[in-house]
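J.: Right, I'll just put the structure down here and ask away after.
The values are calculated or read from the model by the stated rules, or taken from the named source; none is laboratory data. Keep in mind it's a predicted model, so treat the numbers as computed, not measured. Glycine gets a Cβ as well: all are built from the backbone with ideal geometry, and neighbour counts include every protein chain shown.
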Amino acid sequence: MTTPPSAVLHPALSPAQELLTVPQVMARLQLGRSAVYDLLRTGQLASITLGRARRIPAHALTDFIRARLEQEAA
């Protein structure tokens with residue numbers, strides 16, 4: 001009996017489904033840890049919790065940036 005290729009068992013995440021760590025978001029926004037956690041706490045930036053780990057979907061970061069740009073343009 002053969003096993004399916006690993007790509008079938010663990011399909012690669014598309015960029016829209018990518019999960020970012022808090023340090024990755026800190027680097028992308030060039031903000032400190034407290035500022036990122038404030039955005040998460042206030043609901044401005046969506047996240048999920050996996051056990052004790054906090055992950056931010058890449059699309060949530062994109063949506064946050066887009067919303068801030070629209071606020072600045074208004």
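J.: Take the residues in the range 16-44 that are in a helix (DSSP H, G or I) and over 20 Å from ARG68 (Cβ atoms), then tell me which one is modelled with the highest pLDDT. Lay out the reasoning, then the answer.
T.: Residues of the range 16-44 in a helix (DSSP H, G or I): 16-17, 22-29, 33-41.
Pick out the ones that are also over 20 Å from ARG68 (Cβ atoms) and you get 17, 23.
On the way: GLN17: 80, PRO23: 98.
Out of the qualifying residues, it is PRO23.
J.: Can you name every residue in the range 45-66 that is outside any helix (DSSP H, G or I) and either closer than 21 Å to GLN17 by Cβ or touching a strand residue (DSSP E or B) at 6+ places or on another chain (Cβ under 8 Å) (or both)?
T.: So in the range 45-66, the residues outside any helix (DSSP H, G or I) come out as 45-57.
Once the filter is applied, which keeps residues that are outside any helix (DSSP H, G or I) and either closer than 21 Å to GLN17 by Cβ or touching a strand residue (DSSP E or B) at 6+ places or on another chain (Cβ under 8 Å) (or both), the range 45-66 yields LEU45, ALA46, SER47, ILE48, THR49, LEU50, GLY51, ALA53, ARG54, ARG55, ILE56, PRO57.
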